Amino acid sequence: MDKKVTIPDLYELRRNGEIISWLTGYDYPTAVLEEQAGIEMILVGDSASMVVYGNSSTLPITMDTLIEHCKAVRRGAPNVFLIGDMPFLSYQVSATDAVYNAGRFMKEAGCDAIKLEGGVRIAETVRAIVNAGIPVVGHIGLTPQSSSMLGGFKVQGKDAESAKLLIDDARALEKAGVFGILLECVPTKVSKMIKDSISCLVFGIGAGDAVDGQLLIIHDIIGLYQCFTPKFVKQYANVSGVILDALKNYRGDVKTRKFPEPKHAFTISEIELNKLLNRDF
Ligand code: KIV
């Protein structure tokens with residue numbers, strides 16, 4: 001990727017009938033590979049709380065932590081469209097907080113946009129952030145920050161009434177100025193109805209194929225997070241297996257003194273060694 005991806009580029013991809021590829025990313029080396037692979041968008045998600053820090057939910061992670069991850073990803077992937085994920089309590093308390101925290105992702109970490117969870121109930125906050133010149137992706141459907149209220153990590157919009165509420169949410173977000181909406185765990189036919197009722201970009205994670213772009217969590221697709229793999233994930237590699245083999249082999253080599261070999265060690269010249277032995281310096 002030799003040119004920075006912009007919002008017009010994303011719309012251009014849709015016009016050309018090309019689906020946008022989007023992955024989460026949290027660190028420098030992975031971001032380098034994601035950009036090399038041509039992934040157009042990276043989300044530094046609050047999912048880092050779970051897949052990087054081992055928490056059981058996304059709630060504990062803070063703005064400061066996510067900002068540092070965004071900086072690392074930006075260094076590794078200077079041209080991808082980088083989105084910072086607003087963590088729990090960074091935007092729910094007041095619109096002023098929300099604009100300030102969204103601005104931090106842009107100003108301190110070089111993000112191109114922010115993402116936040118919620119529809120109708122968060123629309124005024126979205127408008128305030130957009131009015132500050134910050135591009136926003138809305139996130140509806142299964143919104144992990146409110147999973148307790150949703151009764152767990154469940155598919156959303158499975159009955160007519162809740163599906164209609166999702167359409168209302170999408171419309172409210174579009175009216176508030178988002179350039180894109182992410183649908184998480186929504187039946188394919190409901191995703192299609194949402195997409196048909198708005199004109200901004202529609203992304204999906206577990207939302208079927210009727211969307212403009214697909215998002216997955218990098219740890220899930222490479223098999224690096226072993227606690228839980230959602231049904232909508234396709235696993236492309238088993239990096240955990242590769243790492244585990246390497247770790248076992250390393251341990252075995254250390255225990256049996258096969259490591260280090262002479263080629264892994266440093267030398268001192270005979271002259272310097274003799275000087276040292278004779279204290280001749
Ligand atoms: O934090 C994240 O990775 C997300 C996705 C699960 C949508 O918000």
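The values are calculated or read from the model by the stated rules, or taken from the named source; none is laboratory data. The shown structure was predicted, so the numbers you read here are calculated from the model rather than taken from an experiment. Note that each Cβ is placed from the backbone with ideal geometry, even for glycine, and that neighbours are counted across all protein chains shown. Accessible surface is based on the protein model in full, side chains and every heavy atom, while ligands, DNA and RNA are left aside. Shrake-Rupley method; radii C 1.70, N 1.55, O 1.52, S 1.80 Å.
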Problem set entry | Listed residue (PHE88, ALA128, VAL233) projecting farthest to the positive dipole end of the chain, Cβ model | VAL233
Exercise. If you line up the long axis of helix 239-255 against the longest principal axis of the chain, both from Cα atoms, how many degrees apart are they, to the nearest 10?
Worked result: 20
Seminar exercise, completed: If unit charges are put on Cβ atoms (+1 for Lys and Arg, -1 for Asp and Glu) and the dipole of the chain is taken about its Cα centre, the option from ILE218, LEU247, LEU59 lying farthest towards the positive end turns out to be LEU247
For this session: Taking just the C-alpha trace of the stretch 1-101, give me its Rg and Dmax in Å.
Result: 14.6, 40
For this session: Taking the Cβ of VAL99 as the centre, find all other residues whose Cβ is under 13 Å away and add up their charges (Lys, Arg: +1; Asp, Glu: -1).
Result: +1
For this session: Please report the relative contact order for the chain, taking Cα pairs under 8 Å with a sequence separation of at least 6, and give it as a percent rounded to a whole number.
Result: 14
Problem set entry | Debye, to nearest 20: dipole size of the chain, +1 on Lys, Arg Cβ, -1 on Asp, Glu Cβ | 400
Problem set entry | Percent of C-alpha pairs per 5 Å bin, the chain, short to long | 1, 6, 11, 15, 17, 15, 11, 6, 3, 3, 3, 3, 2, 2, 1, 1, 0, 0
Exercise. With the calculation restricted to Cα positions, what are the radius of gyration and Dmax of the stretch 123-281 in angstrom?
Worked result: 27.3, 89
Seminar exercise, completed: Total charge of the residues flanking GLY110 in space, meaning their Cβ is under 13 Å from its Cβ, with Lys and Arg +1 and Asp and Glu -1, is +3
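Evaluated at 20 °C with a viscosity of 1.002 mPa s, what Stokes-Einstein diffusion coefficient in µm²/s does the stretch 150-236 have when Rh comes from the Kirkwood expression over alpha-carbon pairs? Walk me through the numbers before you get to the answer.
Numbers: Rh = 13.6 Å.
Rounded to a whole number, D works out at 157 µm²/s.
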For this session: Let me know the Rg and Dmax you get for the stretch 1-43 when you use only its Cα atoms, in Å.
Result: 10.9, 32
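Share of the chain's accessible area from carbon and sulfur, percent, 1.4 Å?
The C+S portion of the solvent-accessible surface of the chain is 58 percent.
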For this session: Order the peptides 144-157, 61-74, 161-174 from the highest to the lowest mean number of other Cβ atoms within 10 Å of their residues.
Result: 61-74, 161-174, 144-157
Problem set entry | Dipole magnitude (debye, nearest 20) for the stretch 1-109, charges at Cβ of Lys, Arg, Asp, Glu | 200
Seminar exercise, completed: the chain accessible area per residue, 1.4 Å probe, protein heavy atoms, integer Å², reads 53
Seminar exercise, completed: Between the Cα axis of helix 160-176 and the main Cα principal axis of the chain, the angle (0 to 90°, nearest 10) is 80
